[in-house]
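Down below is the structure, laid out as structure tokens.
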């Protein structure tokens, strides 16, 4: 944790969070990757995402910007991601410096020896904290909950 002076004269704490989850899905990698990488599908599989709006021409490519509205810990958060890296069928990396705190989210897709698709979702964030009276609370969901986020069947 690094501290730095805040605008009010109080010290603000900068807390870093790095959450990695993964799941295996019994679907072809290209199908899973296409579905999960498409921001327009986020409200269908990600419970906290309530709204998605493209801020640039609607094309999944480096430099594209997508705004999300999410409900988390009883609050609404709005933030805009910029796509930093995209390799169709393999990976997607998005980051933002605006919104409630800077964060980066990455998705990696790979085939397992058993023929399923492994999806790794990593979110890293740094959040300013006004001290011990307002701790950063992250709910790390169980594997069972993560399994319900991803569809078992992808609609055509």
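One Cα centroid belongs to segment 16-64, the other to segment 65-81; the line between them spans 14 Å. Straightening the chain between residue 120 and residue 34 buys 29.5 nm, computed as 0.36 nm per residue apart minus the Cα-Cα spacing.
Throughout, read-outs are computed from the coordinates displayed, never taken from laboratory work. Note that the coordinates shown come from a computational prediction; the quantities given were computed from them, not determined experimentally.
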